[in-house]
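**Student:** Here it is: the structure, laid out below.
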Amino acid sequence: EYSGNMNCDYLIILNDKKVYIELAGILGNKFHQEAYRNNIPINSKSKEIYRQKLYQKRDIFERNSLDYYILLPDEMNENTYKRILEKYLKEVA
């Protein structure tokens with residue numbers, strides 16, 4: 001149902017298992033992150049368009065049964081990355 005171009009920040013492939021990772025760094029402050037998490041509009045036009053596109057992207061991932069992570073700035077840390085990789089490394093081991 002989507003027409004246009006949409007890409008993802010990272011595609012990691014581990015033994016034929018594809019994992020899509022989107023880093024939503026544009027939503028840098030706590031209010032914008034909570035607005036995304038709770039589906040609340042953002043007053044900034046550019047941030048609101050970005051938030052809506054993230055929801056579209058998430059819908060595409062889910063409709064196609066893809067493994068994905070949309071990480072907000074407060075989730076972008078070494079522990080989160082390790083947890084994601086370890087999950088898939090255990091599955092393929």
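The values are calculated or read from the model by the stated rules, or taken from the named source; none is laboratory data. Every value quoted in this text rests on a predicted model; they were computed, and no experiment measured them. Cβ placement follows ideal geometry from the backbone for every residue including glycine, while neighbour counts extend to all protein chains displayed. In case anyone asks, the SASA skips ligands and DNA or RNA and just uses the protein heavy atoms, side chains included. Shrake-Rupley method; radii C 1.70, N 1.55, O 1.52, S 1.80 Å.
**Student:** Modelled label-to-label distance, residue 53 and residue 18, 7 Å Cα→beta-carbon offset: nm?
**Tutor:** Taking the two extended label points, one gets 2.0 nm.
**Student:** Could you provide, to the nearest whole Å², the per residue accessible area of the chain with probe 1.4 Å?
**Tutor:** 69
**Student:** Using a simple charge model, +1 on the beta-carbon of Lys and Arg, -1 on the beta-carbon of Asp and Glu, nothing else, what dipole does the chain show about its Cα centre, in debye to the nearest 20?
**Tutor:** 140
**Student:** Counting only DSSP beta bridges with both residues in the chain, tell me the antiparallel percent, nearest 5.
**Tutor:** 50
**Student:** Would you work out what percent of the accessible area of the chain, with all protein chains in place, is carbon or sulfur (probe 1.4 Å)?
**Tutor:** On the chain, the fraction of accessible area on carbon and sulfur atoms equals 49 percent.
**Student:** Can you pull the three principal axis extents for the Cα set of the chain, in Å, largest first?
**Tutor:** Each principal axis gives a Cα extent; for the chain these are 46, 33, 18 Å.
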